[in-house]
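The values are calculated or read from the model by the stated rules, or taken from the named source; none is laboratory data. In this text, all values refer to a predicted model and were calculated from it rather than measured experimentally. Cβ atoms come from the backbone with ideal geometry, glycine included; neighbour counts cover every protein chain shown. Surface areas here come from the heavy atoms of the whole protein model, side chains and all, with no ligands, DNA or RNA. Shrake-Rupley method; radii C 1.70, N 1.55, O 1.52, S 1.80 Å.
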Amino acid sequence: MPPLRRLKHRVGIALGSNLGDRDAALREALQRLLEWVEVEAVSSFYETEPVGYVDQPMFLNAVCIGTTDLSPHQLLAACKGIEAAMGRRPGPRWGPRPIDLDLLFYDDLCLEDEILTLPHPRMAERAFVLIPLAEIAPEWVHPRLGRTAAALAAEQPAPGIRRWARAPMRAGPGFLYWGRETLVMGILNITPDSFSGDGLLKGPDWVEASLDQARRFKAAGAHLLDVGGESTRPGSEPVSAEEEMRRVLPVIERLAAEGLGPISVDTYKACVARAAVAAGADLINDVWAMRADPEMADAAAELGVPIILMDNRSRREAVVRDPRLGARYEGEGHGDIVAAVRAHLMERVEAARAAGIPAYRIILDPGLGFGKTVAQNLELVDRLGELRELGFPILVGPSRKSFIGYTLNLPPEERLEGTAAVVAVSIVRGADIVRVHDVEPIIRVARMTDAIVRRGPPWL
């Protein structure tokens, strides 16, 4: 997908539902809005008590912001069309409804006619609007009142309002939703030398081989695909940006053309990230968390796509090799690894925010296998919840890693069960995305684990 278009008008839209599957209704409305609005951010979903007509079910409410080239009245008509298509019919003004879309603001326009008033005339009195708006656009200034969303929200009492599900993330053709199910990311290694033996850069038909694997992954249920053109195994040799692009761009272009996204590009080079997003990538997966290339932070901010920031402590001098089990890291095993990873990831978050990357486009990865000892990797998995407390979606990538091999004394091709165990524990501890080679069996592991630990809301 190309970078988010910067259309002329910035808008805010409130969403609400209190009939049927409220969560599904908000999701459907958001997806339908993409036809008219380039949605940049969506708030968390909040469960709120009804206003006005109180003898009705609780609402789910959210706010989204984005850009559009529609006029205010055209956008209002689009919202009313979505409501009608989703089954809303005329009823009491404050009564129950399957979906409700309200235009909150349109740039800093002040408008009042028989059809539409902007900003929304009652938004400054509604905590269930101000709280989600302040979450994603605290700096927005009410053009009539001259007050920010954050200031207005702080003044509103909020009894009966609770966060029900964490904010979804815009990624490519839709949104990534956190908490209701674990997302599975399938690995496409467009390399000749992957540590796991699955490098796809072999033979003249490597692009088709990559596409075939991607189709199998999506058919099995993969939610995302991660395309990488440089091996990150311990002690591996880097490749040039030109070679990396030669490998990944044809694959990304074909994946995007077939609608197999969202697509993540696994790179730490800003020029590769820019070219990959232009080719159709929807996320950046940077194993060095913007430390290897000083231009990556600015590139990610300008491209307007989510970025995965990983903790990486890799050091060539600490690599130990075993002919059967492969390479692992040794040494520097003292201290609290979880506290160190947590501090480093928050430092990288601050760097990202300083570069203009909003919090709602950041995913964190503890970096299993990257410069950690076997014991440290095991501890990171067990204490993953302490990283979840940072408030960002968490990705873990345990697939066939050496800490599993050294724990079980097994080579990479025999680490499926060990990977499955790590995935299950990671989900229990709070992982949102798992990045794996063996998509089909891990999908089953994730679904079974979700059935145990994600039996209903709140999905926080």
Checklist entry - What accessible area per residue, rounded to a whole number of Å², is obtained for region 18-96 using a probe radius of 1.4 Å? => result 44
Item to check | Spatially proximal lysines relative to LYS218 (Cα-Cα < 26 Å; intrachain offsets below 8 disregarded) | outcome: LYS202, LYS401
Next on the checklist: For region 264-309 and region 341-394, what is the centre-to-centre distance using only Cα atoms, to the nearest Å?
Outcome noted: 17
Checklist outcome for this item: ARG246 and ASP55 label points (each 7 Å along its Cα→Cβ direction) are spaced in nm at 7.5
Checklist entry - What shape does region 228-271 take by its C-alpha gyration tensor, where a ≥ b ≥ c are the square roots of the eigenvalues and a/c under 1.5 counts as rounded, a/b above b/c as prolate, and the rest as oblate? => result prolate
Checklist entry - When ligands, DNA and RNA are left out and all protein chains stay put, how many square angstrom of accessible area per residue does region 219-330 have with a 1.4 Å probe? => result 37
Checklist outcome for this item: Computed ³J(HN,Hα) along region 105-115: with the Karplus parameters 6.51/-1.76/1.60, θ = phi - 60°, integer Hz and x for glycine or proline, the list is 8, 9, 6, 10, 5, 10, 9, 8, 9, 6, 10
Checklist entry - Under a 1.4 Å probe, what is the accessible area of region 119-173 per residue, stated in Å²? => result 43
Checklist entry - What number comes out for the charge environment of ALA154, summing +1 per Lys or Arg and -1 per Asp or Glu over other residues with Cβ under 15 Å away? => result -2
Checklist entry - Taking Cα pairs under 8 Å and at least six residues apart, what relative contact order does region 138-194 come out at, in percent? => result 16
Item to check | Nitroxide proxy distance, nm - points 7 Å out along Cα→Cβ at ALA375 and GLU347 | outcome: 2.4
Checklist entry - Relative to the present Cα-Cα distance, how much length would full extension add between LEU19 and LEU111 at 0.36 nm per residue of separation? => result 30.0 nm
Checklist outcome for this item: By the Cα gyration tensor axes a ≥ b ≥ c (a/c under 1.5 gives rounded; else a/b larger than b/c gives prolate, otherwise oblate), the shape of region 347-460 is oblate
Checklist entry - In deg cm²/dmol and to the nearest 500, what is the mean residue ellipticity at 222 nm of the chain if only DSSP H runs of at least 4 residues count, each as -39500 (n - 2.57), divided by the residue total? => result -10500 deg cm²/dmol
Next on the checklist: Using a 1.4 Å probe on the protein heavy atoms, what percent of the accessible area of the chain belongs to carbon and sulfur?
Outcome noted: 53
Checklist entry - In nm, to one decimal, how far is the GLU181 label point from the ARG447 one, both placed 7 Å along Cα→Cβ? => result 0.8
Next on the checklist: Please give me, ordered by residue number, the GluC sites (Glu not before Pro) of region 62-129 that lie in loop per DSSP and have at most 14 other Cβ atoms within 10 Å.
Outcome noted: GLU114
Item to check | Estimated FRET transfer efficiency when R0 is 35 angstrom, pair GLN156-LYS8 (beta carbons, to 0.05) | outcome: 0.70
Checklist entry - Please state the relative contact order of the chain as a whole percent: Cα pairs under 8 Å, 6+ residues apart? => result 14
Item to check | Centre separation in Å (Cα based) which lies between region 26-55 and region 407-449 | outcome: 34
Checklist entry - Taking square-rooted eigenvalues a ≥ b ≥ c of the alpha carbon gyration tensor, is region 1-149 rounded, prolate or oblate, where a/c under 1.5 means rounded and, failing that, a/b exceeding b/c means prolate? => result rounded
